[in-house]
Amino acid sequence: MITENEIVHLGHFGKAHGINGEINLYTDIEAENMDIENLKMVVVNIDGIFVPFQVSSMRNKRYDSYIVQLTDINNEKQSRKLTNLDVFVMKKDNIIQEQSDSDGLYATDLIGYTIISASDGGIIAGKITDVDISTENALFIIKNSSSENTSLIPIVNEMIQDINPETKTIVMQLPEGLLSINNS
């Protein structure tokens, strides 16, 4: 069974295209951040269950849309059932590429690093356990050092003051109250 932790949002299906089961796929990711040519499988949330579909063919329609033929979807009636459903890809397939910063670091390289809040007097905010790239702004998912709660911290270059690979720490200027949002 596919879980939400194994997938990342790619976009959504639009209307059926023609009578042979093809469907429009609209992506939310910029083309240069995708390895769309190697897309072999998509995952669709159908009634709360993540259902995988093999991609048998795909062609570019516009910069953010594609016409996709899925294996075993052979007619317009079948493809219409997928209209407006969210489309995901497996994280392990590396279809969506993260952008690296000027140091050549990727956000996922920082998993395991400790975030220190410069704005709160240098307290330890928590340890990065994952990175969420499914939203327009990537987020660090951190486990708070003072509780079992997790917090989401936007990955914004202007907030990052220092990254120290030797001590595996990141000093960030966090907005006031950000860490307490999930602790109330």
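Here, each number is a calculation from the coordinates, and none is a lab measurement. Bear in mind that the values here come from a model prediction, so they are computed numbers and not experimental data. Backbone-built Cβ (ideal geometry, glycine too); neighbour counts: all protein chains shown.
Note: relative contact order over the stretch 4-93, using C-alpha pairs below 8 Å and six or more positions apart, is 44 percent.
With a cut-off of 10 Å between beta carbons, the residues surrounding residue 16 carry a summed charge of +2, where Lys and Arg count +1 and Asp and Glu -1. Positive end of the dipole of the chain (Cβ unit charges, origin at the Cα centre): among 129, 55, 142, the Cα lying farthest that way belongs to 55. Panel order for 151, 180, by other beta carbons found within 10 Å of each beta carbon, from fewest to most: 180, 151. Backbone amide hydrogens, once placed in the peptide plane, bring residue 39 within less than 5 Å of nothing, excluding anything fewer than 5 places away on its chain. GNM on the chain, alpha-carbon springs under 10 angstrom: the most fluctuating residue among 166, 37, 136 is 166. Selection among 161, 110, 39 by position relative to the dipole of the chain gives 39 as farthest towards the positive end (Cβ unit charges, Cα centre). Taking the chain as the region of interest, the number of lysine pairs whose Cα atoms are within less than 14 Å, with members eight or more places apart or on different chains, is 7. Among 47, 162, the order by Cβ neighbours within 10 angstrom, fewest to most, reads 47, 162. Taking amide hydrogens as placed 1.01 Å from N in the peptide plane, the amide H of residue 56 sits under 5 Å from those of 69, 70, 71, each at least 5 positions away in sequence or on another chain. Consider all pairwise Cα distances in the chain and report the whole-number % of them above 24 Å. The calculated P(r) of the chain puts 48 percent of pairs beyond 24 Å. Derived scalar couplings between HN and Hα for the stretch 109-124 equal 5, 8, 4, x, 6, 9, 9, 10, 8, 5, 6, 10, x, x, 6, 7 Hz in order, rounded to whole Hz, by the Karplus curve 6.51 cos²θ - 1.76 cosθ + 1.60 (θ = phi - 60°), x for Gly and Pro. Taken along its principal axes, the alpha carbon cloud of the stretch 4-93 reaches lengths of 31, 30, 19 Å, longest axis first. Sticking with the crude label model, points 7 Å out along Cα→Cβ, report the distance from residue 65 to residue 19 in nm, one decimal please. Placing both labels 7 Å beyond Cα along the Cβ direction yields 2.2 nm.
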